[in-house]
1. Suppose a student asked you for the relative contact order of the chain, using Cα pairs under 8 Å spaced at least 6 residues apart; what percent would you report?
2. With a Förster radius of 25 Å, plug the Cβ-Cβ distance of ILE91 and LYS220 into 1/(1 + (r/R0)^6) and report the FRET value to the nearest 0.05.
3. Assuming a ≥ b ≥ c are the square roots of the Cα gyration tensor eigenvalues, decide whether region 1-125 counts as rounded (a/c under 1.5), prolate (otherwise, with a/b larger than b/c) or oblate.
4. Can you run phi through the Karplus equation (6.51, -1.76, 1.60; θ = phi - 60°) for region 106-120 and list ³J(HN,Hα) in whole Hz, with x for Gly and Pro?
5. If you take volume of the Cα convex hull per residue in Å³ from the coordinates, which of (i) 167; (ii) 267; (iii) 126 do you get?
6. Using θ = phi - 60° and the Karplus curve 6.51 cos²θ - 1.76 cosθ + 1.60, what whole-Hz ³J(HN,Hα) does each residue of region 227-236 get, with Gly and Pro shown as x?
7. Rounded to the nearest 20 Debye, what is the dipole magnitude of the chain about its Cα centre when Lys and Arg each give +1 and Asp and Glu each give -1 at the C-beta?
8. Show that you can apply the helix-only estimate: for the chain, add -39,500 (n - 2.57) for every DSSP H stretch of four or more residues, divide by all residues, and state [θ] at 222 nm to the nearest 500.
Amino acid sequence: MKNYPPTAEALMEILHKLRSPEGCPWDKAQTAESFGACFAGEAAELLDAIDRNDSAGICEECGDVLMNVFFQVVLAEEQKLFTLEDVWRTINDKMVRRHAHIFGDRKADTPEEVAQLWQEMKKLEHKETAPGSVLDDVKHYLSPLNRAEKLQKKAAKCGFDWEKQSDVLDKIREETCETAQAMASGDEEKIDEELGDLLFSVVNLIRFRKRANSEELLRKAALKFETRFRFMEQELKKTGKSFEDSNIGEMESLWLQAKIHEQK
């Protein structure tokens, strides 16, 4: 079995081999669209490894993400659309151009000033293809949470934004009340609509705080829930019981124990 060196060129050689006539039937059957569907899953696994602070997992998942990107390049090369060199040139030029405060004569001393400069550079790059709406470049393939946040950010740049966090919190309270009213009415479609509005408002507060994005916070909340639930499972196993054998009071007691264990 051939040994390949740990380089980008070696990975490209491997992928070209897999796509060759004597290569892998599955890899040969892939298209940009079919293989692109795998990318979101690989990115999610990388984020999960980051959340778990699993350095070995991060290393492995970075490789999987890179493989997906390079596979797209191989597919493009086959159709003579662009090459790996074109990809390197494009990203290198973009990084230098958009960091004019490092490689040029622009000034930006804070993260906020850098973000503003980045947007200015983007506008210059795309001035010939200006969108009909400021929302046009918020892509539909983004996850719902990510897309909601980006739509809000676009609107905020036009001045359509809250003045302070407490205003957004008041909006969340308002949407909570409207959800409760919808539930009291028994109108299922209205309940769903109000729940969506409530979630959108929560995303707005997270976005307004400028500390973390919605998906990051939800990932952490899900991981916390998973950790506590697994603790409950293990504690039940020690007593020879299962969730089916336990009442809600016992479960709540175990949940409290999980929180205490987590703090320790």
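1. Averaging sequence separation for qualifying contacts and normalising by length gives 10 percent for the chain.
2. 0.25
3. Here region 1-125 falls in the prolate category.
4. Karplus values, whole Hz, x for Gly and Pro: 7, 10, 7, 9, 10, x, 5, 5, 5, 4, 5, 4, 4, 5, 4.
5. (ii)
6. Per residue, the Karplus-derived 3J(HN,Hα) values read 4, 5, 5, 5, 4, 4, 4, 5, 5, 5 Hz.
7. 900
8. Result for the chain, helices only: -23500 deg cm²/dmol.
Values in this text are rule-based calculations from the coordinates and carry no lab data. Just so you know, these numbers come straight off a predicted model, no measurement behind them. Don't worry about glycine lacking a Cβ; one is built from the backbone with ideal geometry, like all the others, and counts go over all protein chains shown.
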